[in-house]
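Heads up, the thing below is written out as structure tokens.
Bear in mind these aren't lab numbers, they're just calculated from the coordinates by the rules spelled out. No experiment lies behind these values; they were computed from the predicted model shown. So basically every Cβ, Gly included, is an ideal-geometry build from the backbone, and we count neighbours across all protein chains shown.
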Amino acid sequence: DTGVSQDPRHKITKRGQNVTFRCDPISEHNRLYWYRQTLGQGPEFLTYFQNEAQLEKSRLLSDRFSAERPKGSFSTLEIQRTEQGDSAMYLCASSLLAGSNTGELFFGEGSRLTVL
Amino acid sequence: TQLLEQSPQFLSIQEGENLTVYCNSSSVFSSLQWYRQEPGEGPVLLVTVVTGGEVKKLKRLTFQFGDARKDSSLHITAAQPGDTGLYLCAGGMKTSYDKVIFGPGTSLSVIP
């Protein structure tokens, strides 16, 4: 399978704990995005990378959230001191940016976080 | 502030009816995409439009990009139950390295 993979698919944690999600994009894709989605809503932009460089982090995102893409391949999203409001589906997507064409975003199946 | 707005938010129609979903913004986008998402899965691309005024057809689906590249519409002819899902528009922001942002979605239910 050469699609986008995310791990874990489901995570249940207690408030105050740290969680980390991993995303393995399609290998030749240079762009990687993280989004957060709640039921019935569109994906909310969190952050994105071009190769290993983090281009932007949403201003709505608190300092408890951090993401890395150390070698321009896989990425991790860490949430520290989780709160109940962090409960959501965390989606990763990758694309091949060519010129000014954003290219198709290929999504993983998501990591669902439940904070008790 | 939502940069991309979609209307309607919810739509429930009978099989065979036609429908149009709208995506609007005050920002100019380098490209605009439409995705469809089913429960428990990630969004899947339907189409990308790049040129102002562009119209693309995909079987019973017709997509249009506004002349000013700020808005788009999706028209479905003779809707079928298999069209049920969350329809999302997404724009590449020229002012932000073509970052892709999504609208809030239109949830479509086609009743047999």
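FRET efficiency for the pair residue A:62 and residue B:55, taken as 1/(1 + (r/R0)^6) with r the Cβ-Cβ distance and R0 = 41 Å, rounds to 0.45. Summarising the label geometry, the points placed 7 Å from Cα in the beta-carbon direction at residue B:68 and residue A:7 lie 4.8 nm from one another. In straight-distance terms, cross-link reach from residue A:71 covers every one of the lysines whose alpha-carbon lies under 22 Å from its own, apart from those fewer than eight places away in the same chain; here that gives A:57, B:99.
What the Cβ-Cβ distance of residue B:22 and residue A:14 gives, at R0 = 45 Å and to the nearest 0.05, is a FRET efficiency of 0.60.
No solvent, one uniform scatterer per C-alpha: report log10 I(q)/I(0) for chain B via the Debye equation at q = 0.20, 0.21, 0.23 1/Å, two decimals. Cα-only, vacuum Debye calculation for chain B: -1.02, -1.12, -1.30. Measuring max minus min along each principal axis, the C-alpha atoms of chain A give extents of 43, 30, 28 Å (largest first). For the range A:36-63, the residues whose backbone nitrogen is under 12 Å from a point 7 Å from the Cα of residue A:30, taken along Cα to Cβ, are A:50-53.
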